[in-house]
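Novice: Below: one structure in structure tokens.
The values are calculated or read from the model by the stated rules, or taken from the named source; none is laboratory data. Bear in mind the structure is a predicted one, so any value in this text is a computation, not a measurement. We place every Cβ from the backbone using ideal geometry, glycine too, and count neighbours over all the protein chains shown. The area values use the complete protein model at the heavy-atom level, side chains included, leaving out ligands, DNA and RNA. Shrake-Rupley method; radii C 1.70, N 1.55, O 1.52, S 1.80 Å.
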Amino acid sequence: GCVLVVSVIEQLAQWHNSTVKAAMERLCDYIPGKYSIIHHMSCCIDREMNADVVCHSLRLCKQDPGQPLCHLYSPPKREKHSSGLFHALGHARAKHQIRSKSFMGFSSVCAFPLLANLCEKIKYVLRNKLPFEDFDGDKFSTFPTLRGYHWRGRDCDDKNTTVYPGRRPDNWDAKSDSNCNGIWGVDPKDGIPYEEKFCKGADSKGVVLLGDSAGAHFHIPPEWMTVTQMSAKSFANLPMAFSDELDWPQFSEITGFLNSTIGGWTDSLYLRLRKRNRCNHRDLQNISQNGIVYFPINMTPYLSFSLARNQLLDNPAIVIYATIGNDVCNGERDTLAHMTTPKEMLSNVVQALQYLDSHLPNGSHVILTGLVDGRFLWDNLHDRYHPLGQLNKDVTYSQLYSFLDCLQVSPCSGWLTPNETLRNLTSERALQLSNVLKEIARSEKFANFDIFYMDFPLRQTAEEWHKMGGEAWQLIEPVDGFHPSQIAAALGTDITWQKALHEWPQVLGKENLFNNQIEAIFKDQGGH
């Protein structure tokens with residue numbers, strides 16, 4: 001975090017030909033709220049020192065005994081002294097030894113006064129995987145972030161636990177909208193409830209994603225660290241982004257429903273199901289989680305807390321099981337030893353499926369998605385410049401990957417590495433685990449859902465994007481160099497949909513012949 005902030009401040013000073021203090025004021029003007037910690041750093045940033053040196057000298061970055069000294073930038077060289085980071089660091093620490101003490105209390109971002117309250121809320125949703133604002137406890141919310149309706153269909157009555165998206169209508173919703181799909185009341189022409197007239201026998205179903213950070217749609221806006229494009233507008237979405245854990249599920253491949261504001265376009269399985277049957281409105285749940293620390297590879301306890309589906313009262317669901325990297329990705333030095341084994345994969349997934357079978361309404365469907373072949377990342381990014389390195393051509397993705405790996409926070413040590421043998425071994429394990437999923441789909445039977453398998457469509461996505469004139473690196477998130485981009489998410493939706501349409505038409509349900517009438521009535525009543 002320190003290296004990022006100091007890099008941006010130094011580059012702002014360079015780009016605008018200003019002092020560090022002026023660059024700091026400019027950045028603080030851009031960022032919503034008053035992040036006073038940034039002001040305190042102004043005394044300690046020297047344009048002659050790179051961000052690694054500044055942050056180590058302030059002891060916001062540290063070197064544990066026996067561990068290497070981690071750095072993002074190439075070590076500085078001195079003509080008259082011994083070259084390298086150690087000399088520069090010794091010089092800087094002597095200069096800042098008094099000032100640096102005041103930063104020891106700010107080792108956590110949650111120590112910042114402005115962020116303390118937000119951090120407590122984020123800790124709650126990470127701990128409980130449920131909306132922070134949910135007054136009736138039905139796991140749905142009228143608030144967008146903090147696991148609210150960006151993640152699950154929007155509640156239409158947060159004071160009534162029997163009203164929520166995805167339930168079967170109560171008495172055909174003649175008097176109120178019990179399932180929040182906007183269809184309720186009685187047609188005055190014939191006295192038949194609209195829900196009965198338009199949705200009865202329509203094979204309504206929701207979509208549920210069980211995923212990792214790719215499913216949550218992790219994204220750090222590149223404009224936050226690209227000084228040539230930076231303005232106050234760049235940071236307008238900062239509070240919302242932090243409240244959603246830097247995820248953007250509202251634009252994601254499975255549950256996206258809003259027009260993308262982060263590039264590309266939004267196309268999702270939910271939007272296509274809704275277009276196919278307007279009665280499916282708001283019936284979505286994105287139960288995904290960032291990171292290896294919080295996201296359990298064994299998903300059963302996680303599901304028991306987070307899944308909102310009543311077997312007796314709710315519509316069936318299409319459940320997408322897509323942990324495309326977590327089982328092989330970790331930040332450990334001996335990464336291979338910490339990967340899920342095929343035996344563990346079989347046990348964990350079967351347990352999760354048994355839990356789903358006891359909670360999903362009859363007539364549901366489960367799609368198991370194979371793991372990605374992450375060699376695509378290094379092959380297409382390692383020698384390109386990261387957004388932080390574009391101004392001075394001094395930070396490549398290879399340097400970023402090494403920095404994160406040194407800090408032991410790499411999102412995937414096995415793929416984000418110059419070690420080709422390790423990359424190949426990681427892909428080999430990913431293929432073994434995908435084969436386990438394929439065999440489960442072939443051999444296991446469940447009472448309340450049928451089960452299917454599909455490979456993660458990376459190759460088809462790249463081919464389709466190439467036909468559209470794009471380049472492979474554009475399918476990867478530019479800041480973290482790891483997750484699928486908005487373009488990749490939208491293209492992936494079409495590939496998944498076409499496969500389901502041709503191979504598993506029963507999954508998607510029937511096309512509702514009343515869709516046009518439903519929309520016409522909404523329009524007549526001034527709705528949308």
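Novice: Counting only residues that are under 18 Å from residue 145 (Cα atoms), give me the helices (runs of 4 or more DSSP H) lying completely in the stretch 201-287 with at least 3 of them.
Specialist: 213-216, 238-243
Novice: Please go through the stretch 508-522 and pick out each residue that is assigned to a helix (DSSP H, G or I) and either in contact with a Leu (Cβ under 8 Å, 6 or more places away or on another chain) or farther than 15 Å from residue 187 by Cα (or both).
Specialist: 508, 515, 516
Novice: Taking the options 422, 377, name whichever one is among the hydrophobic types (A, V, I, L, M, F, W, C), over 25 Å from the mean Cα position of the chain (by Cα), more than 28 Å from residue 308 (Cβ to Cβ) and open to solvent by less than 50 Å² (accessible area, probe 1.4 Å).
Specialist: 422
Novice: Follow-up. It is to be established whether one or more residues within the stretch 319-329 are in the same structural domain as residue 401 (by the TED database), at pLDDT 95 or above and within 30 Å of residue 514 (Cβ to Cβ).
Specialist: The answer is yes; a qualifying residue exists.
Novice: If we keep just the residues of the stretch 440-458 that are free of Cβ contacts under 8 Å to residues at least 60 places away in the same chain and either surrounded by 21 or more Cβ atoms within 10 Å (Cβ to Cβ) or part of a helix (DSSP H, G or I) (or both), which is farthest from the chain's Cα centre (by Cα)?
Specialist: 443
Novice: While we're looking at this one, here's another question. So, in the stretch 372-411, exactly how many residues are at pLDDT 95 or above and assigned to a loop (DSSP other than H, G, I, E, B)?
Specialist: 13
Novice: Oh, and also: Filtering the stretch 465-486 down to residues that are part of a helix (DSSP H, G or I) and polar (S, T, N, Q), which residue is most open to solvent (accessible area, probe 1.4 Å)?
Specialist: Only one residue fits best here, namely 474.
Novice: Here is a follow-up. Search the stretch 45-64 for residues that are in the same structural domain as residue 76 (by the TED database) and modelled with pLDDT under 85 and pair each with any residue that is open to solvent by 10 Å² or more (accessible area, probe 1.4 Å) and among the small types (Gly, Ala, Ser) when their beta-carbon atoms are under 8 Å apart and the residues are at least 6 apart or on different chains.
Specialist: Qualifying pairs under 8 Å: 60/1; 60/107.
Novice: Which count do you get for residues in the stretch 488-502 that are in contact (Cβ under 8 Å) with a residue 24 or more places away in the chain and either open to solvent by 30 Å² or more (accessible area, probe 1.4 Å) or on the phi > 0 side of the Ramachandran plot (or both)?
Specialist: So the count comes out to 3.
Novice: Let me confirm something: among 489, 462, which residue is in a helix (DSSP H, G or I), touching a Leu at 6+ places or on another chain (Cβ under 8 Å), in the same structural domain as residue 370 (by the TED database) and not aromatic (Phe, Trp, Tyr)?
Specialist: Answer to the selection: 462.
Novice: Quickly run through the stretch 143-171 and pick out the residues that are in contact with a Phe, Trp or Tyr (Cβ under 7 Å, 6 or more places away or on another chain) and either surrounded by fewer than 18 Cβ atoms within 10 Å (Cβ to Cβ) or among the acidic types (Asp, Glu) (or both).
Specialist: The answer is 155, 158, 159.
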